[in-house]
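Engineer: One structure, as C-alpha cells, below. Some questions next.
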Amino acid sequence: MEYFQQSPLQTKIYKLFLQKIPMEKTLVLIKPDAMVKKLAGNVISELYNAGLKMIGLKLVNVKRELAEQHYNEHKGKPFFEKLIQHITGELHGNENVIAIAYEGEDAIQKIRTAAGKTHPEEAEYSTIRGKYGRHVSSTDCFENVIHASDSPKSGEREIYLWFDEDELI
Ligand code: GTP
Ligand code: MG
C-alpha cells in the first residue's frame, strides 16, 4: 500500500489554501408546520445536496423569549405576532423545531437557494418552500417549512443563540 505524506511545506500551502475559502456558518430551523407534516426527513435529505458540513443538530421546544430574540429584526411588523406563534408551535399543536447548524463554502447562499422565496406561493416549485410550503389565509401564516440565515453575520449570531459552544462539532 502506498502512503502519501505531505512535506511541512505542502501542509503549510494547504492550510493557506483552506484559509482563502470563505467558510460560512448558517442556521436552519425546520419549522413546526414541516414537523407536523412529518417532513423533517425530506428537508434534511434535500439539504444534503448543498454539500455542507452539519456541525450541530437538536430538537427544540421553542419558548417565546428565544423566538423573539431570533426574529428580533421583525419586531413591530404587522406579522410579528403570527411569526412568533408559528415558530413556537402555537399554530401547530405545540410542535417542536429541529435546529441545524451547517458550515461550508458559500453556505448562506446555498441554503437560501435550496429554501426558495419567503412567500411559498412565490417560491419555485423545485425549492423546499415551493414544494412543501403554503400560505394559510385563515391565519395569514406563511407555512414556509424552514428558516435559513440571510447573511454570514446573522448565521454566526443565530447559531450561538440556538446552540451552546459544546453542542457544536
Ligand atoms: P426566515 O428564514 O424564516 O427568516 O424567512 P426569510 O428570511 O425568507 O424572510 P424574512 O426574514 O423576511 O421573514 C421572516 C418570516 O416572517 C418569514 O419566514 C415568514 O414566516 C414571515 N413573514 C415575512 N413576511 C411576511 C408577510 O408579509 N406576511 C406574513 N404573514 N408573514 C411574513
Ligand atoms: Mg429571515
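Engineer: Quick check: anything in the range 64-73 among the small types (Gly, Ala, Ser), touching a helix residue (DSSP H, G or I) at 6+ places or on another chain (Cβ under 8 Å), surrounded by 13 or more Cβ atoms within 10 Å (Cβ to Cβ) and under 14 Å from PRO32 (Cβ atoms)?
Structural biologist: Yes, because at least one residue in the range 64-73 is among the small types (Gly, Ala, Ser), touching a helix residue (DSSP H, G or I) at 6+ places or on another chain (Cβ under 8 Å), surrounded by 13 or more Cβ atoms within 10 Å (Cβ to Cβ) and under 14 Å from PRO32 (Cβ atoms).
Engineer: Does ALA99 qualify as being farther than 16 Å from GLU158 by Cα, more than 14 Å from ligand 2 (Cβ to nearest atom) and out of contact with any Cys (no Cβ under 6 Å at 6 or more places or on another chain)?
Structural biologist: It is false that ALA99 is farther than 16 Å from GLU158 by Cα, more than 14 Å from ligand 2 (Cβ to nearest atom) and out of contact with any Cys (no Cβ under 6 Å at 6 or more places or on another chain).
Engineer: Give the range 79-119 a look and list any residue that's of a type in the set (Phe, Trp, Tyr) and open to solvent by less than 40 Å² (accessible area, probe 1.4 Å), or say none.
Structural biologist: Passing the criteria: PHE80, TYR102.
Engineer: Go through the range 78-96 and count every residue that is out of contact with any helix residue (DSSP H, G or I) (no Cβ under 7 Å at 6 or more places or on another chain) and either away from ligand 2 (no atom under 16 Å from the Cβ) or over 10 Å from CYS141 (Cβ atoms) (or both).
Structural biologist: 5
Engineer: Does any residue of the range 29-46 turn out to be under 20 Å from ASP150 (Cα atoms), in a strand (DSSP E or B) and within 14 Å of ligand 1 (Cβ to nearest atom)?
Structural biologist: So far as the range 29-46 goes, yes, one or more of its residues are under 20 Å from ASP150 (Cα atoms), in a strand (DSSP E or B) and within 14 Å of ligand 1 (Cβ to nearest atom).
Engineer: Moving on to the next point. Give me the pairs, please: first residue somewhere in the range 70-82 and modelled with pLDDT of 95 or more, second residue anywhere and among the small types (Gly, Ala, Ser), beta-carbon distance under 9 Å, and either six or more positions apart or on two chains.
Structural biologist: GLU73/SER154
Engineer: From the list GLU105, GLU65, exactly one residue is of a type in the set (Asp, Glu) and in contact (Cβ under 8 Å) with a residue 12 or more places away in the chain. Which is it?
Structural biologist: That would be GLU105, the only listed residue that is of a type in the set (Asp, Glu) and in contact (Cβ under 8 Å) with a residue 12 or more places away in the chain.
Each row is one residue, and each column tells you yes or no for (1) open to solvent by 40 Å² or more (accessible area, probe 1.4 Å); (2) more than 12 Å from ligand 1 (Cβ to nearest atom); (3) over 26 Å from GLU24 (Cα atoms); (4) more than 17 Å from the chain's Cα centre (by Cα).
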| position | (1), (2), (3), (4) |
| --- | --- |
| VAL62 | no, yes, no, no |
| LYS77 | yes, no, yes, yes |
| GLU121 | yes, no, yes, yes |
| CYS141 | no, no, yes, yes |
| GLU165 | yes, yes, no, yes |
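Engineer: Quick check, is LEU57 under 16 Å from the mean Cα position of the chain (by Cα) and either outside any helix (DSSP H, G or I) or surrounded by 15 or more Cβ atoms within 10 Å (Cβ to Cβ) (or both)?
Structural biologist: Yes; evaluated as a whole, the condition is true for this residue.
Engineer: For the range 126-136, does any single residue satisfy the condition of being open to solvent by 20 Å² or more (accessible area, probe 1.4 Å) and under 13 Å from the mean Cα position of the chain (by Cα)?
Structural biologist: No - not one qualifying residue is present in the range 126-136.
Engineer: A further question on this structure: Restricting the search to the range 137-154, which residues are touching an Asp or Glu at 6+ places or on another chain (Cβ under 6 Å) and either away from ligand 2 (no atom under 11 Å from the Cβ) or at pLDDT below 95 (or both)?
Structural biologist: Passing the criteria: GLU143, PRO152.
The values are calculated or read from the model by the stated rules, or taken from the named source; none is laboratory data. Source: prediction; values computed, not measured. Every residue, glycine as well, gets a Cβ built from its backbone with ideal geometry; the counts of neighbours run over all protein chains shown. Only protein heavy atoms, including side chains, enter the accessible area calculation; ligands, DNA and RNA are left aside. Shrake-Rupley method; radii C 1.70, N 1.55, O 1.52, S 1.80 Å.
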